[in-house]
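This report concerns only the one structure given below.
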Amino acid sequence: MDNFKQWKDFLLPYKFALDELQTKINIIAEEAKFMNDYNPMEHIKTRLKTPQSIMQKLKRKNIEPTLKNAKMKLFDIAGLRIVCPFTTDIYIIHHQLLKRTDINVVEVKDYIRFPKPNGYQSLHMIIKVPITLSTGVEHVYAEIQLRTLAMDFWASIEHKIFYKYGKAIPAYLEKELKEAAHTANLMDIKMKRIHEEVKLMKQENDDEVYLYLQQP
């Protein structure tokens, strides 16, 4: 079997896992909009690691770069990122995913309550998704990342800087990035407060209109 065919066969279940996950997440979003007139998600992005990226990660972890080890040792070959308006939305979606019977949550890392030293914030979930193939059911690992818009913007900039400097960021930039992460967190808190105040104002206005309409 040639190398291209091996990789194609290896990655196919992960591609199907992403398709399944995206459908499940879209259902959660649609139900929220229908039930509460509110979508707790801004956008969703999927990512499938390339063969080169998979082999490089195994080498960085000092693991022999084989397909078998990739399947057994790497849990983020398939990745799905959910970007939410507010931190509270992240935990709502997290709770809904925990309740689902069609996926198995293996591990949760909460970098929101416990940020990384560089300021990185996100909630990571390692899950297993059952995929039905012609050969039977295969349980495929995938990673879900949940972030706010501010967290996602910070992580995107940090990632670009990290690779621009060859993973050795100057100390002054590390300090500024950590300060920026703190600022992003404050913005999340402030925007959530504004959102709640606007909702309250709208509710009060709706109540006044309702009472006016009820007058004889």
- request: Quick one: plug the Kirkwood hydrodynamic radius of the chain (C-alpha pairs) into Stokes-Einstein at 4 °C, 1.567 mPa s, and report D in µm²/s.
  value: 65 µm²/s
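Just to confirm the filter: which trypsin sites (Lys or Arg not before Pro) across the stretch 1-106 are DSSP coil and have at most 16 other Cβ within 10 angstrom of their Cβ?
Lys61, Arg100
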statement: Under the 7 Å Cα-to-Cβ spin-label approximation, Arg193 and Leu67 lie apart by a distance in nanometres of 5.6 nm
query: Using the Karplus equation 6.51 cos²θ - 1.76 cosθ + 1.60 (θ = phi - 60°), what ³J(HN,Hα) coupling, rounded to whole Hz, does each residue of the stretch 56-70 give in order, writing x for Gly and Pro?
result: 5, 5, 4, 5, 4, 8, 6, 10, 4, x, 10, 4, 4, 5, 4
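Rule-of-thumb check for the stretch 44-130: C-alpha Rg over 2.2 N^0.38 Å? Working shown, then result.
Numbers: Rg = 14.8 Å, N = 87, 2.2 N^0.38 = 12.0 Å.
Rg over 2.2 N^0.38 Å, computed on Cα atoms: 1.23.
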- prompt: Separation of the stretch 70-146 and the stretch 168-182 by C-alpha centroid, Å?
  reply: 27 Å
message: With a 1.4 Å probe and all protein chains left in place, how much accessible area per residue does the stretch 160-204 have, in Å²?
response: 83 Å²
- prompt: What's the carbon and sulfur percent of the chain's accessible surface, probe 1.4 angstrom, rounded to a whole number?
  reply: 57 percent
message: Suppose every Lys and Arg Cβ carries +1 and every Asp and Glu Cβ carries -1, with no other charges. What dipole size does the chain come out with about its Cα centre, to the nearest 20 debye?
response: 1400 debye
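Can you give the accessible area per residue of the stretch 76-155, in Å², using a 1.4 Å probe?
On the way: 3540 Å² over 80 residues.
With the other protein chains kept in place, the stretch 76-155 gives 44 Å² per residue.
The values are calculated or read from the model by the stated rules, or taken from the named source; none is laboratory data. Computed from a prediction, not measured in an experiment: that's the story for all the values here. Here Cβ is always computed from backbone atoms with ideal geometry, including for glycine, and neighbour counts include all displayed protein chains. Just the protein is used for accessible areas: all its heavy atoms, side chains included, with ligands, DNA and RNA removed. Shrake-Rupley method; radii C 1.70, N 1.55, O 1.52, S 1.80 Å.
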